[in-house]
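The values are calculated or read from the model by the stated rules, or taken from the named source; none is laboratory data. Just so it is clear, the structure is predicted and the values come from calculations on it, not from any experiment. Backbone-built Cβ (ideal geometry, glycine too); neighbour counts: all protein chains shown. Only protein heavy atoms, including side chains, enter the accessible area calculation; ligands, DNA and RNA are left aside. Shrake-Rupley method; radii C 1.70, N 1.55, O 1.52, S 1.80 Å.
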Amino acid sequence: MKASLGKTKGVSVHLANYLQVIILHTIKKFQGERSIYAIYHMLQGKKSSQTIQDAHLFRLTNVFGTIPHFTRKQLVDTIQNLVEHGWITAKENSDVFIITQSGEEELAQCEPIPTRLNGWKYQNVAPVFWGRLNLLIQTLSHIVHNETKFYPIQRHTKIQQSVKQFLQKNRQNRELMAQHLYEELTDLLERQSDRHQTIFVRKLTGINRVGQTFDQISKTMQLDEWYVRYVFLESLHWMLYEIEKTFTQYRLLSSLIGDLQQSRLTQSTQTTLQFIQAGRTLTEIANIRRLKVNTIEDHLVEIVLVDKQFPIHEYVTSAVEEKILQVMKKLQTKQLKAIRQSLADEAISFFQIRLVLAKAGDEL
């Protein structure tokens, strides 16, 4: 029996689950320019230069890292199902697919990808934020009811330690703290849909109450489990965005995640950036760090993806940049090989093309 993803649009959606929606959406975005394993790495949130660049070039930063434990079997099974129903078809390479017209029509009937997802920015922060928040709520609810012994909903030692440190640092009356937390959280929830509110609240644990699993929520609300997961994740991402943007309005929640505001660059790339800022050439950095020049080039592309204002003209002149942009617009592709073959100037490297792509980003 084919499952309906939800009731909001009043239609029965033929896609079996929301994971298929996510993968079909990603295939559509890739436009036949990446293999299915690029989808695998995208949803897992692999911190490779290729996956990071693809997330920006194909506007998939929203779903980046949203299924960290995604398996190859899940991918292959989903692709096989989509092929069997005629929603995608293989290109010349067996592991490269494009969405068909019927696939487009099917996707149009589904609940859209949550608009406030930002996996690129929050993939690592969101689970820690949720773990701390849920445990803090559980702890405060027991304290205000004079119950000092309970089984913590979060078993991760680091999360338990961070909540203990948070409570030790914030010495205010626990009932007052609970009230402030309630007010901040209520303000954030009331600005979301009823569905988002319901799913989020059902996940919370307090005194005499254990948060529900995604499976339990999906059955109670008659929604697809994958869809429930993504709605919940969107809530977390949007909350984090709002807390960062107006932290003075959410002082308690802001202090709960103060240590999580970190650079989106990988650690190795941060080191390369420090050498660049010190005036070192890419070759010098490669020699100092005992890495390949190609690896350092990967780091520079990652830096430009994160910081569009980073100057690239030391590595690619304005004239070359314009040539590359013209070819990309003419071909309507982001495939490096196709762009490189269409450029008359053989001196233009793949690295320079990648830099221009990275800087242009969503403007293409």
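Just give me a number: lysine pairs in segment 220-364, eight or more positions apart or cross-chain, with C-alpha atoms less than 21 Å apart.
Qualifying lysine pairs in segment 220-364: 13.
Given a 1.4 angstrom probe, I'd like the percentage of the accessible area of the chain that is carbon and sulfur, rounded to a whole number.
Carbon with sulfur: 49 percent of the solvent-accessible area.
Which FRET efficiency value, to the nearest 0.05, do you get for Ser349 and Lys91 by plugging their Cβ-Cβ distance into 1/(1 + (r/R0)^6) with R0 = 25 Å?
So, using R0 = 25 Å, E works out to roughly 0.40.
Gain in length, Val144 to Thr266, computed as 0.36 nm per residue apart minus the alpha-carbon separation, to one decimal in nm?
Additional length available on full extension: 39.8 nm.
I'm a student and want to see the number: the projected area of the Cα convex hull of segment 19-76, averaged over all directions, in nm².
Its Cα hull, projected and averaged over all orientations, spans 3.4 nm².
I need the per residue convex hull volume for segment 272-346, using only the alpha carbons, in cubic angstrom as a whole number.
110
Using alpha carbons only, what's the Rg to Rh ratio of segment 134-189 with Rh from Kirkwood?
0.96
Taking the convex hull of the alpha carbon atoms in the chain, what volume per residue do you get, in Å³?
Each residue corresponds to 172 Å³ of Cα convex hull volume.
What is the projected area of the convex hull of the Cα atoms of segment 94-199, averaged over all directions, in nm²?
Quarter of the Cα hull surface area: 10.9 nm².
I need the semi-axes of the equivalent ellipsoid of segment 37-119: take the C-alpha gyration tensor, multiply each eigenvalue by 5, square-root it, list largest first in whole angstrom.
22, 16, 13
Students often forget the sequence filter, so: which lysines lie under 23 Å Cα-Cα from Lys149 once same-chain residues fewer than 8 apart are removed?
Lys158, Lys164, Lys169, Lys203
GNM on the chain, C-alpha springs below 10 Å: top fluctuator among Ala108, Ala344, Ala126?
Of Ala108, Ala344, Ala126, the Gaussian network model singles out Ala344 as fluctuating most.
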